[in-house]
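Contents: one structure, followed by commentary.
What follows is calculated from the coordinates using simple rules that are stated; it is not laboratory data. It should be emphasised that the depicted structure is a prediction, and the values quoted were computed from it without experimental measurement. Counting neighbours? That spans all protein chains shown, and the Cβs are built from the backbone with ideal geometry, glycine included.
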Amino acid sequence: MAAISETIVREYFELHGFLVRQQRKYVAPARREDDEIDFFILNPQPRDREVALPFILSSEDLPGVARAVVVVKGWHTETFSSGVLANAPEIFRFVEPGVFKRATETFGEDGALTKILVVPALPQMEDAREQSVALLRAKGIDAVIPFRTILNDLISQTETNRNYLKSDVLQVIRVLKSYDFFKEPQLELFKPKRKRRK
């Protein structure tokens, strides 16, 4: 599952004009999979930001990212609540000085390097979400991108009348859209109310 999650995230950044370099295509037997960074991304034409990047990134925020390290946690059954984060220290291994030092050697010392974590989901409730965000920030994460944001963007940007021969992910999305498996989002102005039981 990790491979497909990484492929989807790679397509997302490439769609937004980033140059993407994968750290490795294999996992060494002596090394844990979570020890490393998944991608180094570089924006060849970053936009100057008047305000700081928000912690939870959307696709509209990406032009403000000049270069970053990206780690993908494609656990599509988990919400990244503060309880999950507290009990999974391997999530934060990529911000440890030794691992992060290798990243700066790859990019060079000039300029800021954003640490982005791709997460399946953050809690829906405001208090729980704020706790998760505070914990992620305290551990050294600069920004997160929810997987839903990535999938929504890829689906909306994929055209049914184009042939994506060089991308299996976009080709599958195109085929699913062609057969109406993805519906356009609709406004629910007159959503019927549920009847209350007496």
Checklist entry - How long is the gain from Asp127 to Leu53 if the chain were fully straight, where each residue apart is worth 0.36 nm and the alpha carbon distance is subtracted? => result 24.5 nm
Next on the checklist: With the crude spin-label approximation of a point 7 Å out along Cα→Cβ, what separation in nm comes out for Gln157 versus Ala134?
Outcome noted: 3.5
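So which of Lys139/Lys166; Lys73/Lys166; Lys73/Lys101; Lys73/Lys139 end up more than 27 Å apart, counting from Cα to Cα?
Values: Lys139/Lys166 37 Å; Lys73/Lys166 25 Å; Lys73/Lys101 21 Å; Lys73/Lys139 16 Å.
Long pairs (Cα-Cα over 27 Å): Lys139/Lys166.
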Checklist entry - How many nm is it between the label spots at Gln22 and Glu105, if each spot is 7 Å from the Cα in line with the beta carbon? => result 2.2
